[in-house]
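Just so it is clear, none of the values below were taken in a lab; they were calculated from the coordinates. Keep in mind that what you see is a predicted model, and the values were worked out from it rather than measured. Virtual Cβ from ideal backbone geometry, glycine too; neighbours counted across all protein chains shown.
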Amino acid sequence: MPLGGPLSERALVLAPFGRDAQIATLILAEAGYAAFICHAIDELAREMTRGAGFAIVALEALDVSTLAPLVDALGQQEPWSDFPFLILGTHGQSLERKIIPERVLAALGNVTIVERPFHPTTLVSVATTSVRSRRRQYEARSYLLELSEGHKRLENALDELAAERAALTDLTRELELRVAERTSALHDEVAARERAQGQLLHAQKMESLGQLTGGVAHDFNNLLMAIMANLEVLDQRFEPDSLESGLVQAAMQGAERGASLTQRMLAFARQQELTMSVANVRELVGNARELIRRSIGPQIVLDDEGVSAHLPPVKVDPTQFELAILNLAINARDAMPSGGRIQLRAGTAWLPASATVKAGAYVWIEVIDSGTGMSTQTLERATDPFFSTKPVGKGTGLGLSMVRGFIEQLGGTLSIASEVGVGTTVRLWLPEAEEQETETPINEHVRPPIQTRATILLVDDDSLIASSTKVLLELIGHDVIDVSSAESAIDVIEHNSAIDLVMTDYAMPGMTGLELATYVSRFRPEIPVLLVTGFADLPTASLPNVARLAKPYRQAQLEEQLASLLSARSAHIA
């Protein structure tokens, strides 16, 4: 039905017999109500769908057999609509008399009986009541429409809210993910910073300890120098097979063990004397192979097939490198008391700059064992000097620290990975050599021919060492002038032209031995200088006619160096 307009309150009149339709129309018109006369049930049903306020229907027009169009129209009403019917009955008839069949009443719904003949006032009153009822239905319709629109708006708002909530949920989830990622990154940065700080503190601690160890080793070397020199002098005063000579030799062996210990301490402090040459890693490992086999025993298999012959060369001290590999192999042997396997492998890699190495190309060498492994606590202290898990008397605790010091002295680094029950891997990193040519290290000393008697200026501020060294020089067959400072030596050189050679200690108060050697090279270049020291990083290569002798030394080594320098002087003068 139409939801409004001029037809919404009109009256539909269906009274096909007599003059009831015309009379009712006139009465309604006078009361201000529009009316439309219908001639059949189907026409009434059509007009109802167009719009009306109520219908006046004569009882005799309600033929059950023709009510189908009207019933269909009423069935299509909106939920708010209850269309009013005014049924014109005959005088004396009523609903209680069952004038209208029950199914007709049920189909029509809102029915009011008006008896005929009807008074105009009665008809108008009933019509007014019907219109009011219809108006209230229209109001209910408007209210329902508003409710429906409000419900739709609410649904739309809820949909928008759900969409916004979903978007907010996605945004919150993304934000949480970003926060989690950033938090994880911050944790990683903090952990990396803490690791770097720990490494820096450890490096500073090791540097301080290295300096202390190096200083102690140098002082100990001076003491050993005095002991060994005097022992050699004493040994020459006894018969070779005498008891006294045997005691002197035993004391000398103890001193040499002390010298070996100081060399390890200097290696840890990165201050040991190195004889550098460019070498092939495969050849270095091959040179040490047999010594390693003899040291590890038959219960342990040695596999060095992982070391290629085509690796870039490295610049090392071959002897010290072989000793470092041997040291690692012995450690691996001790970790496998029931036997096992030692693998030697090598390769190349690029290392970025860090606190321990410069950025560049490196050759790495690994020593891998299948032994007992180390715990985290042991691994953290593995390279600390004098730290050892071996029984008392089975190790000095300087093995790994010596290897580490040696490798760092070469500009490389050392790393260790270990797992309890699985084994340990020690990796040495060495910079690739910039030079391509290789040098053959001299492993055997060739003693130069003995020279004639020479005048040697001996310079040493330590009277204990100076006295024993003077005796050695005199036993070799030379004349000795001894002074206790470089300044005194310069005075002798300026006033004595008979000086054939200067032998000086390095570490002295005031002017050092190196400064004295520089002076001699400048003002008396014909005089060779033998610089005696335990320091490895002295720049003597730029000074001509200057040789270096490492403490502690034996008489044969001293004699060899002197003969070499004096022979070169004689050849130069000739």
- [ ] Specify the inter-centroid distance of the stretch 145-198 and the stretch 30-52, based on alpha-carbon positions, in whole Å.
- [x] 63 Å
Open item on the list: Quick check: net charge around Ala251, other residues with Cβ under 13 Å of its Cβ, Lys/Arg +1 and Asp/Glu -1?
Closed with: -3
Task: Cα point-scatterer Debye curve for the stretch 276-431, base-10 log of I(q)/I(0) at q = 0.18 Å⁻¹ - done: -1.14
- [ ] Arrange the peptides 28-34, 47-53, 143-149 so that the one whose residues have, on average, the most other Cβ atoms within 10 Å appears first.
- [x] 47-53, 28-34, 143-149
Task: Cβ-defined net charge surrounding Leu501, 15 Å radius [Lys, Arg +1; Asp, Glu -1] - done: -4
Open item on the list: For Ser277, what residues show an amide H to amide H distance below 5 Å, using hydrogens built from the backbone and excluding near sequence neighbours?
Closed with: Val316, Asp317
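By average Cβ neighbour count within 10 Å, what is the ranking of 286-299, 413-426, 170-183 from highest down? Before the final figure, lay out each step's value.
Working: 286-299: 14.6, 413-426: 17.3, 170-183: 10.0.
Per-residue Cβ counts within 10 Å, averaged per peptide and sorted highest first, yield 413-426, 286-299, 170-183.
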Task: Estimated inter-spin distance, Arg195 and Thr348, nm [label 7 Å along Cα→Cβ] - done: 2.7 nm
Task: Residue-span extension gain [Phe17 to Asp491] - 0.36 nm each, minus C-alpha spacing - done: 154.2 nm
Task: Hz values of 3J(HN,Hα) by residue in the stretch 552-559 - Karplus curve (6.51, -1.76, 1.60), Gly and Pro given as x - done: x, 10, 9, 4, 5, 5, 5, 4
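Find how much the distance from Arg182 to Arg165 grows on full extension, using 0.36 nm per residue of separation minus their present alpha carbon separation; answer in nm with one decimal. Could the numbers behind the result be given before it?
Numbers: separation 17, 0.36 × 17 = 6.12 nm, distance 2.49 nm.
Answer, rounded to one decimal: 3.6 nm.
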Open item on the list: Could you compute the net charge surrounding Arg293? Neighbours are other residues with a C-beta less than 12 Å from the C-beta of Arg293; K and R count +1, D and E count -1.
Closed with: 0
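Arrange the following residues from fewest to most other Cβ atoms within 10 Å of their Cβ: Met276, Met374.
Details: Met276 14, Met374 20.
Exposure proxy ranking, most exposed first: Met276, Met374.
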